[in-house]
Amino acid sequence: MELKFRDLQFPSVIYHCKTSKVIGGGRDNCVSKCQVEVYRERKRLGSFARDGANHFALKWLCLTEQSNSAVGKMEAQRLLQLDHQNLVKMYATGTVDDSTIHAFLMEYCEGGDLHQAAKLRIDPPAIQSFARQILQGLQYLHEHQIIHRDLKGHNVFLSSLDHATCIVKIGDVNDIKRLMPEDDNLKLSSRWTGTFAFMSPEMINRTINNETYEKTDIWSFACILIEMIIGKFPTFFAVKQGTEVELKEYLGIMYYVGHGNHPYIPPTWPQTIQDLLHQCFQADPANRPSAADILSHPFLAENPTDWSFDGPYVLPWSVGETNAAIEANRRPPISFDNETLQLVDYGSFGMTYQGQRKGQPKVELAVIKVHFLNDYQDTLIDLYCQASLTLPLEHANIVRHIQYDLPSLEELNFEALNDCHILTEYCTGGSLQMAVQYRIDERLQQKYAWQILQGLIYLHDQHIVHYNLRSSSVLLDRPDRQSCVLKIAGFGKARNVSVDHEEPSAFFADPEDQWCPSISPKRKSRTVFLNLPNKEALLLGYSDIWSFGCILMQLISGSIEEADGRPIVSPRWPENVQNILRLCLDEDPVARPPARKLLEHPFFTDTETASWDFADGRPEYVESHSTGKDGKGEEFSRKFSLPLNAHPLSNPKKLARRRGLRGFFFNKNKS
């Protein structure tokens with residue numbers, strides 16, 4: 001795509017802008033990486049270069065009103081005059097004739113934005129260095145009577161991927177507005193602009209004034225400091241009906257901050273950082289320090305290697321740690337035969353195939369072909385975290401993860417994502433979710449529950465919480481029910497500490513992971529974990545115990561009986577069964593016993609299982625269908641005497657539609 005800068009009213013020469021790829025954007029703008037060539041009278045004069053670089057960022061911004069366009073045009077000319085190493089340099093601006101479209105030719109930052117860097121964790125020395133550079137950029141802006149008003153990690157950029165040497169630059173310059181005492185810009189600058197998690201009370205209440213206008217950026221700076229530490233947006237907690245809950249919806253956060261509250265500051269953080277954050281989060285902007293004041297704060301003078309941010313809010317993986325963990329646990333590379341792949345399931349990361357190891361056709365593998373959508377950076381980071389967790393795991397009741405074929409995070413090569421795979425052992429018996437459709441013998445119920453708990457004990461001993469345990473993530477290693485071994489899989493949401501990600505499956509999520517008054521007065525597991533006595537208590541995996549209780553209920557009755565959204569235990573069931581289920585499904589997570597303690601429950605030593613009568617109405621399992629004539633088992637839709645159309649993969653297009661992948665699954669030409 002070529003854009004002629006002559007159309008943007010540049011004088012004398014024509015600038016041809018060749019865009020290579022889109023690197024960012026929002027609801028009213030688009031940012032592309034580009035190169036610029038200079039022409040005069042159709043003669044190419046060479047490539048446009050500034051400061052030794054010939055790659056630039058081209059941003060198109062559309063303003064909805066002509067009046068705003070005129071103001072933006074005036075402001076853009078002022079912004080060209082800004083020159084500081086901690087600001088993204090703007091080289092050229094312009095507008096299309098008689099339109100509200102603005103174009104900005106800016107410095108291109110190879111290291112990406114601070115929000116993405118924070119997801120991979122930033123080391124304490126880099127946090128201190130980045131904070132100092134952001135403050136230096138803010139000080140320069142405020143000295144020129146300019147406020148940013150939309151300062152956040154997405155708008156702060158790194159000159160390179162090396163955190164030790166990179167230069168931090170404040171960007172998104174088109175959102176900067178000037179406040180001059182003699183200008184009538186106060187009304188314009190009081191617009192509702194900014195990302196809600198970073199907005200100050202005066203921004204929300206629209207009470208910015210010329211005396212304290214720059215202090216709104218100080219509030220946003222403090223939010224960025226929290227983002228660098230925890231790897232995500234700041235968190236907010238409010239008390240509802242006597243219970244502390246985390247606020248997630250933007251309206252709730254804006255109401256909370258607008259009434260003088262601020263993001264959560266963990267009391268375990270270094271005292272100097274707590275002190276600085278409390279100063280920056282003063283509800284009255286006049287009481288907040290200036291950027292120049294913060295530059296002399298002890299936070300920037302002390303040794304950052306003494307800082308510790310361990311806790312349930314900190315993302316535990318840096319780029320170096322993640323890659324090192326993967327390399328340390330990677331087995332010799334394994335290849336598989338693409339021609340033998342057969343689709344068996346679809347999960348959170350992509351399609352799962354049954355495959356064979358190349359050169360060893362008797363060795364079966366599960367091959368997960370990862371697909372990346374718009375959030376490919378987040379997906380890739382999640383995969384690296386999962387790889388670091390699962391590759392070292394070695395246990396009979398845990399699915400063995402063999403290999404992750406992923407691009408290097410240090411190179412941030414997000415373009416070559418079409419050949420990413422996860423190789424695990426293949427379990428021919430399918431999932432427990434399919435098995436419970438038929439009645440399971442009482443002794444097998446005990447055996448299966450015992451094996452699941454053995455896997456949980458191993459995970460919790462490794463300080464790993466599965467966080468999304470359900471019957472579909474428990475696999476049978478072979479079709480024979482009597483001799484099969486159950487293995488826990490599906491580690492897409494597992495974490496060393498409780499880090500919020502996607503929502504767990506509805507009934508398998510414990511009540512502190514739900515938000516519904518009829519289910520629980522608490523929201524999000526971390527809210528409950530704040531009240532636990534220590535980090536070891538957090539890692540006991542109380543949410544996994546709740547999920548285990550739901551799975552046990554499925555083993556017993558084939559389904560999860562519920563009332564008002566809560567699982568219910570039938571009073572007709574044996575006393576030992578009722579007791580263990582009530583222990584696992586206790587609303588107070590601390591009251592649930594750990595997995596190791598559950599193994600001592602009488603449920604597992606009861607020898608009178610023949611007297612158990614659950615009367616669940618499920619059909620009997622037919623053993624003759626568990627193996628085929630070759631002894632290896634038939635296709636899964638026949639293992640349990642299911643009709644072909646009962647198998648969820650019998651209609652892949654229907655499965656794809658159900659999971660929001662229209663047009664992605666099995667594109668076949670209509671004949």
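The values are calculated or read from the model by the stated rules, or taken from the named source; none is laboratory data. Remember, it's a predicted structure, so these values are computed and weren't measured experimentally. Backbone-built Cβ (ideal geometry, glycine too); neighbour counts: all protein chains shown.
Quick one: count up the residues across the range 274-289 that are surrounded by 16 or more Cβ atoms within 10 Å (Cβ to Cβ) and not in a helix (DSSP H, G or I). Of the residues in that region, 5 qualify.
Scanning the range 150-166 for residues that are charged (D, E, K, R) and at pLDDT 95 or above turns up nothing.
Just for the range 545-577: of the residues that are hydroxyl-bearing (Ser, Thr, Tyr) and assigned to a helix (DSSP H, G or I), which one is modelled with the highest pLDDT? So, considering only residues that are hydroxyl-bearing (Ser, Thr, Tyr) and assigned to a helix (DSSP H, G or I), the one modelled with the highest pLDDT is Ser547. At least 2 residues being touching a residue at least 24 places away in the same chain (Cβ under 8 Å) and in contact with a Phe, Trp or Tyr (Cβ under 7 Å, 6 or more places away or on another chain) is the threshold, and among the strands (runs of 3 or more DSSP E) wholly inside the range 77-161 those reaching it are 90-95, 101-107. The residues in the range 466-489 that are within 17 Å of Arg400 (Cα to Cα) and either in a helix (DSSP H, G or I) or aliphatic (A, V, I, L, M) (or both) can be counted, and the count is 10. Whenever a residue of the range 214-242 is in contact (Cβ under 8 Å) with a residue 40 or more places away in the chain, its partners that are of a type in the set (S, T, N, Q), lying with C-beta atoms within less than 8 angstrom and at least six residues away or across chains, give the pairs Glu214/Ser290; Lys215/Ser200; Lys215/Ser290; Thr216/Ser200; Ile218/Ser290; Trp219/Ser200; Ser220/Ser200; Phe237/Thr527. Taking Leu393 as the residue in question, decide whether it is in a loop (DSSP other than H, G, I, E, B), modelled with pLDDT of 85 or more and surrounded by fewer than 21 Cβ atoms within 10 Å (Cβ to Cβ). The answer is yes for Leu393.
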